[in-house]
Amino acid sequence: MRTDQRAYELLDFQPTITDLRMEVLDGLRRQQKRLDCKLLYDERGSTLFEEITTLPEYYPTRAEMEILRQHAKDIAACIGEKSALIELGSGSGKKVRLLFSKLPDPVAYMAVDISKEFLQMSAEGLAGEHPGLKVVAICADYTQPFELPHLPAKKVLFFPGSTFGNFDPPQGQRFLSRWSRMLAKGDGLLIGIDLKKSSDVLHSAYNDSTGVTAAFNLNLLARLNRELGADFQLHRFEHYAFYNEFESRIEMHIRSREDQVVTIGNVPIHFHVGETIHTENSYKFSVHSFHDLAKKSGFSSVQVWTDSAGLFSVHYLEVD
Ligand code: AVJ
């Protein structure tokens, strides 16, 4: 399909290369080096993440899909007729398809994703399958405020995958508060939240035996080499992920195997052996701890579903 014949509208707020360079240098100059997890999702990273979702150890995607499939009718009833669905981090668009197959007469689908290639593919696919549906693809970092197209319809924010767990609790609360203000009273939030469980199960999910998660994490360095001309040698670093029980979160880091200096442009960055770059947090909740946080942000729980093994939860909430 040629771009001038698109069946969907594209709004492009993609961050620029200067933004990337500044953000990376800022993160790597800190005492505890860190890079934001959204940087994991370039085209290669998005492909690797799709691969993660099929790993036997990585339960969240399967558990959430089970819930969406099992309870599609209930969920569709919560969303209601003639609603506009706004999906954050749409990825491959697989989950929203499941919903759309059961939704009575939706008026619009807006997909927000930082990965433009993935975003365009899924918008195009969905627009093709649903002629008459208004499809808007918004390439943006949804952790930052951005303008939502106006629509005279009930809006439901769809935030699957437990991506919400990437925020620390204060960030999560600010994020939900901002959305409760952007939406209207009675609008909805359909959100996937990963549950607390044995640390063994969690550890395996983020340290898979085939090393796909390691490749996903280390691709971040390869990306900085590709896009910023950095000279990271990947074999001098390793994937490191563990469950921080006190904080109820998986932490993912990239650990330096030796003392070394890397340059980004002309800027030298020093690493001690064992020093890490913190690349992701993935918080785990109880149903109660999530509802508490949501309530403080202007959302009331309407319904919650879990999978048969009790690993994962999907919540429907309404703006107060
Ligand atoms: C897409 C953010 C939900 O935290 O489980 C998977 C990303 N990181 N394996 C998660 C991820 C390592 C994932 N989220």
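Each peptide in 302-308, 42-48 was scored by the mean count of other Cβ atoms within 10 Å over its residues; highest first, the order is 42-48, 302-308. Sorting 212-220, 142-150 by average packing, meaning the other beta carbons within 10 Å per residue, from highest down gives 212-220, 142-150.
Taking a ≥ b ≥ c as the square roots of the eigenvalues of the Cα gyration tensor of the range 169-307, is the shape rounded (a/c under 1.5), prolate (a/b larger than b/c) or oblate? Prolate.
Placing one equal scatterer on every Cα of the range 180-235 and applying the Debye formula, the log10 ratio I(q)/I(0) at q = 0.12, 0.19, 0.28 Å⁻¹ is -0.60, -0.79, -1.10.
Classify the range 36-178: rounded, prolate or oblate, from the alpha-carbon gyration tensor (a ≥ b ≥ c, eigenvalue square roots; a/c under 1.5 rounded; otherwise prolate if a/b is larger than b/c)? Verdict is rounded for the range 36-178.
Among 154-165, 225-236, 30-41, how do they line up by average Cβ neighbours within 10 Å per residue, starting with the highest?
Per-residue Cβ counts within 10 Å, averaged per peptide and sorted highest first, yield 154-165, 30-41, 225-236.
Taking Ile193, Ile114, Ile67 as the candidate residues, the one with maximal mean-square fluctuation in a Gaussian network model of the chain, Cα springs under 10 Å, is Ile67.
Between the Cα long axis of helix 287-296 and the first principal axis of the chain there is an angle of about 80°, rounded to the nearest 10. Note on the range 261-320: Cα-only Rg and Dmax are 20.3, 53 Å.
Mind scanning Lys38/Lys102; Lys134/Lys284; Lys94/Lys116; Lys33/Lys197; Lys38/Lys116 and naming the pairs with a C-alpha gap bigger than 23 Å? From Lys38/Lys102; Lys134/Lys284; Lys94/Lys116; Lys33/Lys197; Lys38/Lys116, over 23 Å: Lys38/Lys102; Lys134/Lys284; Lys33/Lys197.
Nearest 500 deg cm²/dmol is fine: what mean residue ellipticity at 222 nm does the chain get from its DSSP H runs of n ≥ 4 alone, each adding -39,500 (n - 2.57), divided by its residue count? Value at 222 nm, helices only: -10500 deg cm²/dmol. In the complete set of protein chains, residue-level accessible area for Ser199 is approximately 50 Å², probe 1.4 angstrom. The separation of the range 59-103 from the range 127-170, counted between C-alpha centres, amounts to 13 Å. Calculate what fraction, in whole %, of the accessible area of the chain sits on carbon and sulfur atoms when a 1.4 Å probe is rolled over the protein chains. Using a 1.4 Å probe with all protein chains present, the chain comes out at 50 percent carbon and sulfur.
Normalised by the number of residues in the range 177-320, the average gap of Cα pairs under 8 Å and 6 or more apart makes the relative contact order 31 percent. Taking all Cα-Cα distances within the chain, those exceeding 33 Å account for 26%. The convex hull around the C-alpha trace of the range 1-51, projected and averaged over every direction, spans 5.5 square nanometres. Here the ratio of the Cα radius of gyration of the range 43-97 to 2.2 N^0.38 Å is 1.32.
Compute the normalised compactness of the range 111-193: alpha-carbon radius of gyration over 2.2 N^0.38 Å, N being the residue count. Rg over 2.2 N^0.38 Å, computed on Cα atoms: 1.16.
A simple spin-label model places the labels of His270 and Ser308 5.7 nm from each other, with each point 7 Å out along Cα-to-Cβ. Counting only protein chain heavy atoms and rolling a 1.4 Å probe, the accessible areas of Cys139, Cys78 rank, largest first, as Cys78, Cys139. The value of relative contact order for the chain, using C-alpha pairs under 8 Å at least six residues apart, is 21 percent.
The values are calculated or read from the model by the stated rules, or taken from the named source; none is laboratory data. Since the model is a prediction, treat every value here as computed from it, not as a measurement. We place every Cβ from the backbone using ideal geometry, glycine too, and count neighbours over all the protein chains shown. For the accessible areas, the whole protein counts, side chains as well, though only heavy atoms, and no ligand, DNA or RNA atoms are used. Shrake-Rupley method; radii C 1.70, N 1.55, O 1.52, S 1.80 Å.
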